[in-house]
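The values are calculated or read from the model by the stated rules, or taken from the named source; none is laboratory data. Note that the structure is predicted; figures quoted are calculated from it, not measured. Cβ: placed from backbone, ideal geometry, glycine included. Neighbour counts: every protein chain shown.
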Amino acid sequence: MTNTIQTDTATFANGCFWCTEAIFEQLDGVISATSGYTGGQKENPTYKEVCGGQTGHAECLQIVYDPSKISFDELLEVFWETHDPTTLNRQGADVGTQYRSGIFYHNNEQKEKAEKYKAALDKSGAFDNPIVTEITPFTKFYTAEDYHQQYFENNENNNPYCKIVIRPKMDKFRKVFKDKLKN
């Protein structure tokens, strides 16, 4: 008899997928975090097209996880903590609709949890400005080009963006979520 793992899927847009993929891949219970595009109109968009801002897609992560090890609520906690959900179409120096904050829910439970968390954060005053994260139904995911996958892991030592932008986010993430990391 074989043990089959029950998995679930979450799709988040929280800025540059190079940064966010590196974070979510480290969580215990995350089986895969794939960089890609969602929320737009064009079939099979390219990175160049998405960055041009004409396709309507957001850079996102398709996260496959084991809910017996990590819950959707815990993924939401990491999502909210690791980007600024109050800036419209922007994360740091990255500007454009492709960098918007979004949760693309796969079922009503994900929708309800995302909306509840967003409302609670807004009410708490955790952020100085209102949260602009869109919470919309998932439609289709397009995997980004191969060179975007495991970008930080493959370019950590030879790309200044990795050292200047991603590394500090990773260091902060590892401190805040040390109890949720893979061994």
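Residues that are assigned to a helix (DSSP H, G or I) and crowded, with 17+ Cβ neighbours inside 10 Å do occur in segment 79-96.
Any idea which residue in segment 147-183 is nearest to TRP80 (Cα to Cα), counting only those that are loosely packed, with under 15 Cβ neighbours inside 10 Å and of a type in the set (A, V, I, L, M, F, W, C)? Among them, the one singled out is VAL176.
Only residues that are without any contact (Cβ under 8 Å) to a residue 12 or more places away in the chain and either hydroxyl-bearing (Ser, Thr, Tyr) or part of a strand (DSSP E or B) (or both) were counted in segment 1-58, giving 2.
Among the residues of segment 59-76, the ones that are touching a residue at least 40 places away in the same chain (Cβ under 8 Å), surrounded by fewer than 17 Cβ atoms within 10 Å (Cβ to Cβ) and of a type outside the set (A, V, I, L, M, F, W, C) come to 5 in all. One residue stands out among those in segment 55-107 that are of a type in the set (Lys, Arg) and more than 26 Å from ASP179 (Cα to Cα): the one that is modelled with the highest pLDDT, which is ARG100.
Of the residues that make up segment 91-99, is at least one hydrophobic (A, V, I, L, M, F, W, C) and out of contact with any helix residue (DSSP H, G or I) (no Cβ under 9 Å at 6 or more places or on another chain)? Taking every residue of segment 91-99 in turn, at least one turns out to be hydrophobic (A, V, I, L, M, F, W, C) and out of contact with any helix residue (DSSP H, G or I) (no Cβ under 9 Å at 6 or more places or on another chain). Of all the listed residues (ILE135, ILE103), the sole one being hydrophobic (A, V, I, L, M, F, W, C), surrounded by 19 or more Cβ atoms within 10 Å (Cβ to Cβ) and in contact (Cβ under 8 Å) with a residue 12 or more places away in the chain is ILE103.
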